[in-house]
Structure formats: structure tokens, C-alpha cells
Amino acid sequence: MRKEHVIYCNRCGRQLKGTDGTPVEEGLHVEKSWGYFSGKDGEIHSFDLCESCYDLLVQDFQIPPEKKEQKILI
Ligand SMILES: [Zn+2]
């Protein structure tokens, strides 16, 4: 488990998670460990996006993200 800390949307700076780890709103977390065949060999990049910034990001996609319905909603 990674240590909880305040998480901000990297694009707009909105707070996604509070100091106590309570989610303020749901967001997207991306973490990429770049490998040998990239120009960033050995670097781990990560960022978070809020839902509205995620929507703006995928609007620019030539091919939209795959969507599946969740079978179980808790
Ligand atoms: Zn945002």
C-alpha cells in the first residue's frame, strides 16, 4: 500500500484526495515505468487527472477509450 497523501489533478490543480486519504472526487491515476526502448529509460512517471480533465483528454483521442459496464457496483 502506498502512503496516502494529498493528490491534485496535474492539469487543473484541483484537489482529488485530502490529507487523511479521503477522496474528494474520483480521478485517474497513471503511472508508467519507461523501459529500455524509450528515451526515458529507467524513469517512472506518474500523474493524476480529475474527471473533467480526463474527459477533455479523451476528447482529443482519434480512437475513444474502450468502455465496459461494471458488473458489480458496490
Ligand atoms: Zn483537472
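Brief remarks follow.
- Judged by the mean number of other Cβ atoms found within 10 Å, the most tightly packed of the peptides 64-71, 29-36 leads the ranking 29-36, 64-71.
- Sequence-distant residues sharing a close amide H with L16 (under 5 Å, placed H): I7, Y8, C9
- Taking the 1.4 Å solvent-accessible surface of the chain as the whole, the part contributed by carbon and sulfur is 53%.
- Å² of accessible area per residue within the stretch 2-54, as computed with a 1.4 Å probe and no ligands counted: 76 Å²
- q = 0.12, 0.19, 0.24, 0.25 Å⁻¹, the chain: log10 I(q)/I(0) [Debye, one scatterer per Cα]: -0.47, -1.02, -1.13, -1.13
- Per-residue [θ]222 nm for the chain (sum of -39500 (n - 2.57) over DSSP H runs n ≥ 4, rounded to 500): -3500 deg cm²/dmol
- The value of relative contact order for the stretch 2-54, using C-alpha pairs under 8 Å at least six residues apart, is 33 percent.
The values are calculated or read from the model by the stated rules, or taken from the named source; none is laboratory data. Just so it is clear, the model here is predicted, and its values are computed rather than measured. Heads up, the Cβs are rebuilt from the backbone with ideal geometry, glycines too, and the neighbour counts pull from every protein chain shown. Ligands, DNA and RNA are excluded from the accessible area calculation, which covers all protein heavy atoms including side chains. Shrake-Rupley method; radii C 1.70, N 1.55, O 1.52, S 1.80 Å.
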